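First the structure, in the form of structure tokens, and then the observations on it.
The values are calculated or read from the model by the stated rules, or taken from the named source; none is laboratory data. Note that the structure is predicted; figures quoted are calculated from it, not measured. FYI the Cβ positions are ideal-geometry reconstructions off the backbone, even for glycines, and counts take in every protein chain you see. Heavy atoms of the whole protein, side chains included, go into the accessibility calculation; ligands, DNA and RNA do not. Shrake-Rupley method; radii C 1.70, N 1.55, O 1.52, S 1.80 Å.
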Amino acid sequence: MISLDRIRNFSIVAHIDHGKSTLADRLIQSTGTVAERDMQAQLLDSMDIERERGITIKANTVRIDYVARDGQAYVLNLIDTPGHVDFAYEVSRSMRAVEGSLLVVDASQGVEAQTLANVYQALDAGHEIVPVLNKIDLPAADPERVKQNIEDVIGLDASDAIPISAKTGLGIPDVLEAIVHRLPPPKGDPNAPLKAMLVDSWYDAYLGVVVMIRIIDGVVRKGDRIKMMQTGAVYGIDKLAVLKPQMQDIPELGPGEIGVFTASIKQVRDTRVGDTITHEKKPCDQPLPGFKPSVPVVFCGLFPVDANDFEALRDAIEKLALNDASFTYEMETSAALGFGFRMGFLGLLHLEVVRDRLEREYDLDLITTAPSVVFKLHMKDGEVRDLHNPADMPDLTYVDHIEEPRIKATIMVPDDYLGDILKLCQDRRGIQLNLTYAGNRAMVEYDLPLAEVVFDFYDRLKSVTKGYASFDYQISEYREDNLVKMSILVNEEPVDALSMMVHRDRAEARGRAMVEKLKDLIPRHMFKIPIQAAIGGRVIARETLSAMRKDVTAKCYGGDATRKKKLLEKQKAGKKKMRQFGKVEIPQEAFIAALKMDG
Amino acid sequence: MEDWRHAGFGLYIHWPFCQSKCPYCDFNSHVAARIDQSRWLQAFQHEIDRIGALTEGRILNTVFFGGGTPSLMEAATVQGILDRIRATWTLANDVEITLEANPGSVEAGRFDAYAKAGVNRVSLGIQSLDPDDLRRLGRMHTVDEAARAIAIAQSTFDRVSIDLIFARQNQTLSAWRDELNCALDFGTSHLSLYQLTIEDGTVFGKMHAKNLLKGLPEEDLAADMFELTQEITRAAGLPAYEVSNHARPGDESRHNLIYWRMGDYAGIGPGAHGRLTLDSARFATEAERQPTPWLDQTLTHPGSAERVERLTPEERAAEYLMFALRLKEGASLSRFQALRGSPLSAAGLAEMIDLGFLHQDGDRIRTTETGVMMLNGILRALLADRLSAG
């Protein structure tokens, strides 16, 4: 067991691209934790998607042995936290598992919205924070301005900020010293009953479920019988290890230490992030505060492009569910898209990550329906129903009113783009809460409907600000509004997969945009096709797709009969990739593209 | 009466060589450095003997030399083939013997000899009357050469047809009108007017896939050009009798009518297709596409370079409809039903009539002016119940 004063636990708080993962790699490398030849860029982000997108989804950890300038050996535990709002709860648990944070800010850019949210989480967890100015080697670096920016925006003393270049390695030794001398050691009582926090868990093909824990009090040893206080489940610890970042077996873990164990746990679903782990026989009396079960907020339908892939999709989802307990799924049948699943996610990024993994790791082609949020339907008989899918909207005569989730959004943006941001938020039914300046950067806070944000808000935000804005949000409350279900009719037939909940005042504009888009996406047929948006029985927007005029083979002689017949058969086979609605065939791409709307 | 006798019996001879390959062409054509024409003649004669034995006693209505570029054949080769044909079958009194020719000066020099060998109709691949477009289409002749070749052909043969391609890159409606009027001024009695089609496997096909083929007309402009074509040729007295073919009444291509009216035809040469009715069964034949293997196999074992497949009633009926509806005269419902053993889908027919694409007049169905441009869709609708079975 390591003495508490030789342990430092920390996380790194940074905006995407500000160099969090590069710094982590440098720390690991410069302490010799990983041999040079085993280094690959961004060691801790182990999923392809994480590496590609430069984001962290699962918490990762590494134990670093470091001999400080004072000659003492220290154990530094770095928890690399998810950097995205979708995983805010996971971040908050990771933050509770450590005592300090490095706040990494790009010396040429400044503090971003996401950084801010995570800094608040760190402050909330009582962290000591060490500001680090990265990319100091860039010509555009302006450390003094950025220090001022940190002080203005966060209110943190940045005078001792450490200038570094994670890329070149400049300043890395200073960071290691600061971790030892400026961050506090953990507290804890080795003689108290075991109390450990479940920080994260994941599925390993060889080991089963691996659980990451932070020991608060007591000592855990291999072979111990432990109990999860929220679920009540009891397990025997098969393997106890620390991550360097590969697993290295260890006989025991004491207060302040971070490690992993396996215990023949079948599914990640059986573990809850934030749960308290104690001994079965001699339990602690109180669980750790702050536990929350994860609740999906964004829903969408996922359907296989090829109906024959439904079973493969089910398998893939079940396998992914082994490792990610935070999404929900249930079977859904759509007249348009056949059999698929209605899935719930922590947020849009989570949705994209899960979908990408299904497509990539399981080689599936999927159709994603419009992301939707959970509306609360207050029925006239007093019942309150959750509406996950606009297609399930009951007849309005039974509904008294509808509530939708609202968010508090924080957007940081160079003031050149402020006008565009305000307009965008206004267009999305936003209510401005606050507007402050730090230097030439504005920070706006908006109260927005989540439904408007899941609908390509990020894309719009990025495009109107050329990527200079940063955005973060948290769910605030459910609130009543004038919401209606808009249906789309193609050749007089409703297409359920395209129906959506919209605000009454925005329905015309949304409906118009949708029918115009569909007019371009649906190929011409032999007859003209009306495309309509409707609320109940009332049409609010209409376009007409004109009939095809020319579809004839120019040359057809003796030798062409066989070929012509094959061509007609091929065209017929090609239609399998289309979805049939009455007499109209709608290509798969139309569903996907129709949901990506501008404005 | 056997079904094929509705339309007669023709012979197609495929000469698979060209001087160069045009970027739009997906016909079975090859560029070869040396061609031993005497060996080719011998192979064609073997095939004529073989097919003659299968079709003994028939009267031959038409012969068609296609390619490739048949006008690269020496006159002696054409003569040798036609002599053997005359020795094998009785020729109809009005036999039509067509040869496809490039309108270059070298080819025009052979016209006289071809006529002496028995050719009485030529089909000239003019393609365009615009010098830039001719180059873009990979054609080796100039506009002047084309005009001279047409004049020589007209003074040499009974009947002359010219081919043009429209809906070319950056072509406007008015440019096509001018070009078509110029072409009509040559005074030929037959015109084949094809919309440029981008075929997979051709140079244009590859360029198109890479988005390098700019300025191709959109569907609406192509449709306008097609409609204009109908209007102009009708006014000039050469109305369309088939989707892309226009003639002074009586000067239609009799050989091609055998295809469209579904008569019998034997195909000789690399990649040639045939349809022969023997003992009431109809067979589809398809020859080896590569010239050298076809030649070697045919010389050693005549007939060995050909695949033969017996057509089902379903296939015969489908082919009939595909071809017959291309003609202005349309298709016969009773002939279709006799071939298939069951009538055409009434629902599909009613739908196409309802959409204004087909017109029914007793036993005959014909495409309307809008319908002719939608023939592929019409065929899919009419044959939808059976296509997958075929």
Legend entry - region B:313-389: translational diffusion in µm²/s, Stokes-Einstein, Kirkwood Rh over Cα pairs, 25 °C, 0.890 mPa s: 203 µm²/s
Legend entry - Residues whose placed amide H lies under 5 Å from that of residue A:525, excluding near-sequence neighbours: A:548
Legend entry - Gap separating the Cα centres of region B:73-109 and region B:127-153, nearest whole Å: 23 Å
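In whole Å and largest first, what semi-axes does the C-alpha gyration tensor of region B:143-206 yield when each eigenvalue is scaled by 5 and square-rooted?
Those come to 25, 15, 10 Å.
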Inset, instruction - Given the options B:201, B:80, B:118, state which has the largest fluctuation in a GNM of chain B using a 10 Å cut-off (strictly under) for Cα springs. - result: B:201
Inset, instruction - Would you kindly work out the equivalent ellipsoid of region B:97-142 from its C-alpha gyration tensor and give its semi-axes, the square roots of five times the eigenvalues, largest first in whole Å? - result: 24, 10, 6
Inset, instruction - Calculate, axis by axis, the spread of Cα positions in region A:470-515 along the three principal axes, and write the results as whole Å, longest axis first. - result: 41, 27, 19
Legend entry - Sum of side-chain charges, residue B:179 neighbourhood, beta-carbon under 12 Å (Lys, Arg +1; Asp, Glu -1): -2
Legend entry - Interchain or long-range residues, amide H under 5 Å from residue A:288's placed H: A:276
Inset, instruction - Hey, can you grab everything whose amide H is under 5 Å from the amide H of residue B:161? Only 5+ residues off in sequence or another chain; H modelled, so Pro and N-termini drop out. - result: B:122, B:123, B:124
Inset, instruction - Based on alpha-carbon positions alone, could you give the equivalent ellipsoid semi-axes of region A:369-513 from the gyration tensor, as √(5λ), descending, whole Å? - result: 31, 18, 11
Legend entry - Distance histogram in 20 Å bins (all Cα pairs of chain A, percent per bin): 18, 46, 29, 7, 0
Inset, instruction - Let me know the volume per residue of the alpha-carbon convex hull for region B:200-240, in Å³. - result: 96 Å³
Legend entry - Using distinct alpha-carbon pairs, which all enter the 1/r mean, Kirkwood radius of region B:3-259 in Å: 19.3 Å
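Take every residue in peptide B:373-381, count the Cβ atoms of other chains within 10 Å of its Cβ, and give the average of those counts.
Average neighbour count from other chains, rounded to a whole number: 6.
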Inset, instruction - Note the per residue figure in Å³ for the convex hull of the C-alpha positions in region A:242-375. - result: 162 Å³
Inset, instruction - Find the relative contact order for chain A and round it to a whole percent, using C-alpha pairs within less than 8 Å whose residues are 6+ positions apart. - result: 10 percent
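Using a 1.4 Å probe, what is the accessible area per residue for the protein assembly as shown, in Å²?
Details: 40320 Å² over 989 residues.
Value returned for the protein assembly as shown: 41 Å² of accessible area per residue.
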Inset, instruction - Go through region A:244-257 residue by residue and turn each phi into a ³J(HN,Hα) via Karplus (6.51, -1.76, 1.60, θ = phi - 60°); whole Hz please, and just put x for glycine and proline. - result: 10, x, 6, 5, 10, 4, 9, x, 8, 10, x, x, x, 8
Legend entry - Using alpha-carbon coordinates, inclination of helix A:418-427 to the longest axis of chain A, degrees: 60 degrees
Legend entry - Charge tally in the Cβ shell below 11 Å around residue A:281, where Lys, Arg are +1 and Asp, Glu are -1, residue A:281 excluded: +1
Inset, instruction - On a 0 to 90° scale, report how tilted helix A:310-323 is relative to the longest principal axis of chain A, with both axes built from alpha carbons and the result rounded to the nearest 10. - result: 20 degrees
Inset, instruction - Considering the convex hull of the alpha carbon atoms of region B:219-283, report its projected area averaged over all viewing directions, in nm², one decimal. - result: 6.7 nm²
Inset, instruction - Averaging sequence separations of C-alpha pairs under 8 Å and six or more residues apart, then dividing by the length of region B:313-389, give the relative contact order as a whole percent. - result: 31 percent
Legend entry - Rounded to 10°, Cα long-axis angle of helix A:143-154 versus longest principal axis of chain A: 80 degrees
Legend entry - Highest-MSF residue in chain B out of B:34, B:261, B:380 [GNM, Cα springs under 10 Å]: B:34
Inset, instruction - Rounded to the nearest 100 Å², what's the accessible area chains A and B bury against each other, both chains counted, probe 1.4 Å? - result: 3500 Å²
Inset, instruction - Pull up the cross-link candidates among the lysines for residue A:227, meaning alpha carbon to alpha carbon under 25 Å and not fewer than 8 places away within one chain. - result: A:58, A:187, A:195, A:239, A:266, A:281, A:282, A:292
Legend entry - Mean separation of Cα contacts under 8 Å (6+ apart) over length of region B:3-259, as relative contact order %: 18 percent
Inset, instruction - Given the options B:343, B:302, B:239, state which has the largest fluctuation in a GNM of chain B using a 10 Å cut-off (strictly under) for Cα springs. - result: B:343
Inset, instruction - Check the straight Cα-Cα distances from residue A:376 and name the aspartates and glutamates below 14 Å, setting aside those fewer than 8 residues away within the same chain. - result: A:386, A:392, A:400, A:403, A:404, A:477, A:480, A:481
Inset, instruction - Would you mind telling me the share, in percent, of accessible area of the protein assembly as shown contributed by carbon and sulfur at probe 1.4 angstrom? - result: 49 percent
Legend entry - Enclosed volume per residue, in Å³, of the convex hull spanned by Cα atoms of region A:484-537: 72 Å³
